[in-house]
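The values are calculated or read from the model by the stated rules, or taken from the named source; none is laboratory data. Please read all numbers here as calculations on a predicted model, not as lab measurements. Cβ placement follows ideal geometry from the backbone for every residue including glycine, while neighbour counts extend to all protein chains displayed.
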Amino acid sequence: MKLSVIVPCYNEEECIKAFYAAYKKAFSDTDYKRELIFVNDGSTDGTLSLLKKIYLKSEESINIISFSRNFGKEAAMYAGLKAAKGEYICFIDADLQQRPELIVKMVSLLEKHREYDCIATYSRSSKTQDKLTALFKSSFYKIMGKMSGMDFVDGASDFRCFRRNMADAILSVSEYHRFTKGLFAWVGFNTRYVPYEVASREGGSSKWTIGQLFSYSFNGIMAFSNKPLRWPLYFGLPVSVFGFLYLIFYLIFALSMNRDFSPIAVLLALLIFFSGAILTSIGILGEYVGKIHTQVKNRPIYIASEVYKTEDKAENTEIIEFQLEYEAQKEQRIKKKKEKFKEKRRKEKIKEEIELQKQQLEAAQLEEEKKRKKQQKKAKKSNEAEQEPVTVPEDEGYSAGPEAEFEDEE
């Protein structure tokens, strides 16, 4: 086996097909033997199903390692490295921001220049990253280089191709909290860095947030530098000397000037200051102790729930087909349940609308009945007023009533 290409995958359902098509196209003009190793890092979408379909239909040499849960990209890279059989090994992401065509060029450089053990890439600029993320990464590489004493190239990525001897050296370091960029620098070997342009994602969105990048950087610093353990000493000793000199100066000043001073205020300020310093020191120590606690447990870096190798394809075909059929039936059942639920909700909504219209109609009828009764009452009062007899007061020469007689006055 000449080349092993390792592809960590986490929720890359939208990119897998496009990546595989680009991979086949990139190696269409090459004839050397190669293998493609997909590591499914506990994806929660349809990534694993797509990988299984590619595994069944493809004539390429494909291996699949599926984790029981999400263990992280570092664990996925380690798992792929353990499974790789090639003379050259390459890491690449599935989102096509790192183009498979560059793998062919990197292998060609390793073949032409036997003095190089690794061809690593770095991005000079990235149109796909915001300025804050780019600034954060650039600052991290500078800080990491100064603190660890190792050479870290600004913008260096995990996208690299290296020889088997370097892969064996990386595998020999079996620490739990892995930082692969640091491990590549730590094991040494002759590495050549080449620039590349970061392309746009084929689909989906980046799984890395600023918080995750910060945590990843912090773990990298702690994995390859003991300098943070010295920070309390560097910080505490000058502060202690300053506090002691300040206290002596304050006492001399107060006594010489015959002024009252408040020792409580001074002690309170110093207490708050040193309490913060002590808590910071304890926090740094706690991080290191926590990592030691995790490491001494000797837990596995990852747990694979499913492994499919090219040489076992005949045996795996029936199992995978059954799994895919079961998943398809499961999706159909879920789809039917969703449709049934939607239909139920639709009927309930129609029923609610009918009930609402009925209530509105009853309310309108009740209002109309009130208006009608009001009008009837008004009409009744009007009729009673019209039927009431008119009384005319008696006067000289007149008599009230229809039979009144008129008499002439003489």
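Every condition in (1) at pLDDT below 75; (2) surrounded by 13 or more Cβ atoms within 10 Å (Cβ to Cβ) is met by Ile170 except one, and the failing one is (1).
Say we look at region 36-61 and pick out the residues that are surrounded by fewer than 21 Cβ atoms within 10 Å (Cβ to Cβ) and either of a type in the set (D, E, K, R) or within 17 Å of Phe91 (Cα to Cα) (or both); which of these is farthest from the chain's Cα centre (by Cα)? Ranking the candidates gives Glu59 first.
Look through region 320-342, keep the residues that are surrounded by 12 or more Cβ atoms within 10 Å (Cβ to Cβ) and acidic (Asp, Glu), and return whichever of them is modelled with the highest pLDDT. Even if it seems obvious, please write down each step before you answer.
Residues of region 320-342 surrounded by 12 or more Cβ atoms within 10 Å (Cβ to Cβ): 320-321, 323-324, 327, 331.
From the residues that got through so far, the ones that are acidic (Asp, Glu) too are 321, 327, 331.
Values: Glu321: 84, Glu327: 81, Glu331: 76.
Looking at the filtered set, the residue picked out is Glu321.
Look at region 89-116 and say how many of its residues are more than 24 Å from Val39 (Cα to Cα) and either touching a helix residue (DSSP H, G or I) at 6+ places or on another chain (Cβ under 8 Å) or of a type in the set (Gly, Ala, Ser) (or both). Qualifying residue count, region 89-116: 2.
Residue-level analysis places Tyr116 among those that are buried (at least 16 other Cβ atoms within 10 Å of the Cβ), within 21 Å of Asn190 (Cβ to Cβ) and hydroxyl-bearing (Ser, Thr, Tyr). Summed over region 301-319, residues that are out of contact with any Phe, Trp or Tyr (no Cβ under 6 Å at 6 or more places or on another chain), among the hydrophobic types (A, V, I, L, M, F, W, C) and modelled with pLDDT under 85 total 1.
Return yes or no: is Arg69 over 25 Å from Tyr302 (Cα atoms), assigned by TED's automatic domain parsing to the domain that holds Asn190 and either among the basic types (Lys, Arg) or outside any helix (DSSP H, G or I) (or both)? When the stated conditions are applied, Arg69 does not pass them.
Is one or more of the residues making up region 184-199 at pLDDT 75 or above, part of a helix (DSSP H, G or I), in contact with an Asp or Glu (Cβ under 8 Å, 6 or more places away or on another chain) and exposed (fewer than 15 other Cβ atoms within 10 Å of the Cβ)? No; the residues of region 184-199 include none that is at pLDDT 75 or above, part of a helix (DSSP H, G or I), in contact with an Asp or Glu (Cβ under 8 Å, 6 or more places away or on another chain) and exposed (fewer than 15 other Cβ atoms within 10 Å of the Cβ). Taken over region 167-190, the criterion of being touching a residue at least 60 places away in the same chain (Cβ under 8 Å), in contact with a strand residue (DSSP E or B) (Cβ under 9 Å, 6 or more places away or on another chain) and within 26 Å of Cys9 (Cβ to Cβ) is satisfied by Ala167, Ile170, Thr180, Phe184.
Residue by residue, here is whether (1) surrounded by fewer than 20 Cβ atoms within 10 Å (Cβ to Cβ); (2) modelled with pLDDT under 90; (3) in contact with a Phe, Trp or Tyr (Cβ under 8 Å, 6 or more places away or on another chain); (4) farther than 30 Å from Leu51 by Cα holds:
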| site | (1), (2), (3), (4) |
| --- | --- |
| Gly80 | no, no, yes, no |
| Phe91 | no, no, yes, no |
| Ser108 | yes, yes, no, no |
| Asp130 | yes, yes, no, yes |
| Ala134 | yes, yes, no, yes |
| Ser138 | yes, yes, no, yes |
| Gly145 | yes, yes, yes, yes |
| Met150 | yes, yes, yes, yes |
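Gln375 falls short of the stated requirement of being at pLDDT 80 or above, surrounded by 10 or more Cβ atoms within 10 Å (Cβ to Cβ) and under 30 Å from Phe38 (Cβ atoms). The set of residues in region 37-66 that are in a strand (DSSP E or B) and touching a Cys at 6+ places or on another chain (Cβ under 9 Å) comprises Phe38, Val39, Asn40.
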